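Novice: Once you've had a glance at the structure underneath, I'll fire off some questions.
The values are calculated or read from the model by the stated rules, or taken from the named source; none is laboratory data. Just so we're clear, the structure is a prediction, and the values are computed from it rather than from any experiment. Methodologically, a virtual Cβ is constructed for each residue, glycine included, from the backbone with ideal geometry; neighbour enumeration extends over all protein chains shown. Surface areas here come from the heavy atoms of the whole protein model, side chains and all, with no ligands, DNA or RNA. Shrake-Rupley method; radii C 1.70, N 1.55, O 1.52, S 1.80 Å.
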Amino acid sequence: MANNILLADEETHFFGDVCKNFDYAAQFTKHDAGLLDQIKSCNSVYRFRFPIRKGDGFEVIDAWRVEHSQHQSPTKGGIRYSEMVNEDEVMALAALMTYKCAIVNVPFGGAKGGIKINPKNYTVQELENITRRYTVELIRKNFIGPSIDVPAPDYGSGEREMSWIADTYATMNPGQLDAMGAVTGKPIALHGIAGRREATGRGVAIAIRECVSVAEDMTRIGLTTGISGKRVIVQGLGNVGYHSAKFLAEFGAIIVGLCEFEGAIYNADGLDVEAVFQHRKNTGSILGYAGAKKEFKNSMEGLEQECDILVPAALENQITDTNVKKIKAKIIAEGANGPTSPEAETIFYSKGGLIIPDMYANAGGVTVSYFEWLKNLSHVAFGRMNRRFEETANTNLVNMVEGITGVALTPMQRSTIIKGASELELVNSGLEDTMIRSYHEIRETYKNTEKIDTLRTAAFVGAINKIAVSYKNLGVWP
Ligand code: NAD
């Protein structure tokens, strides 16, 4: 198979699953087989090894950066720090990034990175050495830069690692004005953007709220319309899982179950997400939380409890043909990348369920990363130039309306109407708009194309069509 020629000796599953979904969706498009092959294949796979000092000796680290598609520049995708990471996984995640960017109209190609370590086994100094050396290796091969390839956080990495990458890149490229645009997910104090940390989880929550607002679809799967009171189980209490749970609770859902790798907890009346998070931080485990009515040492049992919506937000391949029949949720909203196998998806739909696919559901992160990149290139925070101007214009308008009508607004009403938008408000509004529009774009394809039987296939069809247009416009040169 053309897609596998770059693979090393690992077994291929995840990338194969992504390609399987792609091939299935491609039959609903009208593109040339060669063009489809070009879209599906990973364009560049960079596998490398480098040494770090560990104790009195050395340790060799395996790492990857994959650029799946350069139909748009730069390419974009997170860096995974995990001892489980392999070439197949990085290729699959890079491919998903390509489709994800197309779905939410972010003008990037897809990429992904991987460093094969368990961060818990390294000191902060060692992690900094690994991250900086990884960045230098990318620079040496021209695999990073604000117009080339822009990394971001993923499983096992966060703002701290992005800071080290930004600093290494800027140091190695003295005087490059846009150097901070070489990586996103940075802390706000280092040219990051308000709202990026929580963006993926916020996006997941908006995606679910939008999905459950469509009466026709809810009737079909046997749920009432609206997010209020929906019972949710979340797997993974990291960046995506924690924020998904937090915003879903804010929207009115009840978080009945939380699963981490050490176990799972459940309470039909609801769990306080923040309290569970603090409990885990203090004790090192989700288990033993006083507000839980049930505990499971086998974390996977947590996924099988009574609920309306399941949000897998940890890792891939969590819902397979072996456990999907035990899942009681009607909706699976994929916070993680690739949590449901193709076989499990078929079974889940045949049971009358609905899956909000990863490449749409977790696209909030890359959407706000795009905003951060724009901010870095423009060198000005969103809202800075127009906030005061808007407030003055709004004040004049309110004064005029009060004068004409003779009705005086309360100070609270006045300040709500007059206030100009902050960076956070603009980012959240842009994110919400993106998630809502994209959901309905996917759903239109799902409802209006005969034989398209899942939201994932509909999402793929939309993405393939958009990427095909880019390739056709670009032509082939030389
Ligand atoms: P993270 O490292 O912040 O959190 C992952 C959490 O999952 C950790 O708390 C970990 O302990 C837990 N976990 C690991 N194995 C588990 C298991 N078997 N059962 C239950 N919990 C388990 O990572 P993250 O950034 O939240 O990423 C999670 C997923 O979301 C990944 O698939 C990632 O690719 C995807 N994603 C992340 C982002 C982002 O902005 N961070 C964006 C899009 C997609």
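Novice: For a quick check of understanding: with a 1.4 angstrom probe and all protein chains in place, what accessible area in square angstrom does Asp32 have, to the nearest ten?
Specialist: 100
Novice: If you count the DSSP beta bridges with both ends in the chain, what percent of them are antiparallel, to the nearest 5?
Specialist: Here the antiparallel bridges make up roughly 50 percent for the chain.
Novice: For Ile436 and Asp32 in one chain, what is 0.36 nm times their gap in residues minus the Cα-Cα distance, to one decimal in nm?
Specialist: Residue separation times 0.36 nm, minus the Cα-Cα distance, leaves 142.3 nm.
Novice: Same structure again: Kirkwood Rh over alpha-carbon pairs of the range 344-473, then Stokes-Einstein at 37 °C and 0.692 mPa s: what D in µm² s⁻¹, rounded to an integer?
Specialist: 176
Novice: What value, in deg cm²/dmol to 500, does the helix sum -39500 (n - 2.57) over DSSP H runs of n ≥ 4 give at 222 nm once divided by the residues of the chain?
Specialist: Taking each H run of at least 4 residues, the total per residue is -14500 deg cm²/dmol.
Novice: Let me ask another. Please compare each pair in Lys351/Lys451; Lys351/Lys447; Lys351/Lys466; Lys294/Lys330; Lys76/Lys230; Lys230/Lys375 to a cut-off of 28 Å on the Cα-Cα distance and tell me which ones are over it.
Specialist: Lys351/Lys466; Lys76/Lys230; Lys230/Lys375
Novice: Can you sort Ser378, Ser228, Ser44 by solvent-accessible area, 1.4 Å probe, largest first?
Specialist: Ser228, Ser378, Ser44
Novice: Quick check on the range 40-195: take the gyration tensor over C-alpha atoms, sort the square-rooted eigenvalues as a ≥ b ≥ c, and tell me if it's rounded (a/c under 1.5), prolate or oblate.
Specialist: Judged from the Cα gyration tensor, the range 40-195 comes out oblate (a/c at least 1.5, b/c at or above a/b).
Novice: So what's the gap between the Cα centers of the range 408-478 and the range 28-80, to the nearest angstrom?
Specialist: 26
Novice: For the chain, compute the orientation-averaged projected area of the C-alpha convex hull (one quarter of its surface), in nm².
Specialist: That works out to 26.6 nm².
Novice: Taking a ≥ b ≥ c as the square roots of the eigenvalues of the Cα gyration tensor of the range 34-122, is the shape rounded (a/c under 1.5), prolate (a/b larger than b/c) or oblate?
Specialist: Prolate shape, in that a/c is at least 1.5 and a/b is the bigger ratio.
Novice: Around Glu304, what is the net charge, scoring Lys/Arg as +1 and Asp/Glu as -1 over all other residues with Cβ under 12 Å from its Cβ?
Specialist: Charge balance near Glu304 sits at +2.
Novice: Rounded, prolate or oblate: which one fits the range 359-403, using the alpha carbon gyration tensor with axes a ≥ b ≥ c (rounded when a/c is under 1.5, else prolate when a/b beats b/c, else oblate)?
Specialist: Note, shape of the range 359-403 comes out oblate.
Novice: Another question about this same structure. For the chain, what does the accessible surface come to per residue with a 1.4 Å probe? Please give it in Å².
Specialist: Counting only protein heavy atoms, the per-residue value for the chain is 43 Å².
Novice: What's the carbon and sulfur percent of the chain's accessible surface, probe 1.4 angstrom, rounded to a whole number?
Specialist: Carbon and sulfur atoms account for 54 percent of the accessible area of the chain.
Novice: If you don't mind, another one. If you put +1 on each Lys and Arg Cβ and -1 on each Asp and Glu Cβ, how big is the dipole of the range 99-155 around its Cα centre, in Debye rounded to 20?
Specialist: 120
Novice: Please list Phe261, Phe348 from largest to smallest accessible area, probe radius 1.4 Å, with all protein chains kept in place.
Specialist: Accessible-area ranking of Phe261, Phe348, largest first: Phe261, Phe348.
Novice: Just by accessible area at a 1.4 angstrom probe, what is the order of Arg53, Arg387 from largest to smallest?
Specialist: Ranking Arg53, Arg387 by accessible area, largest first, yields Arg53, Arg387.
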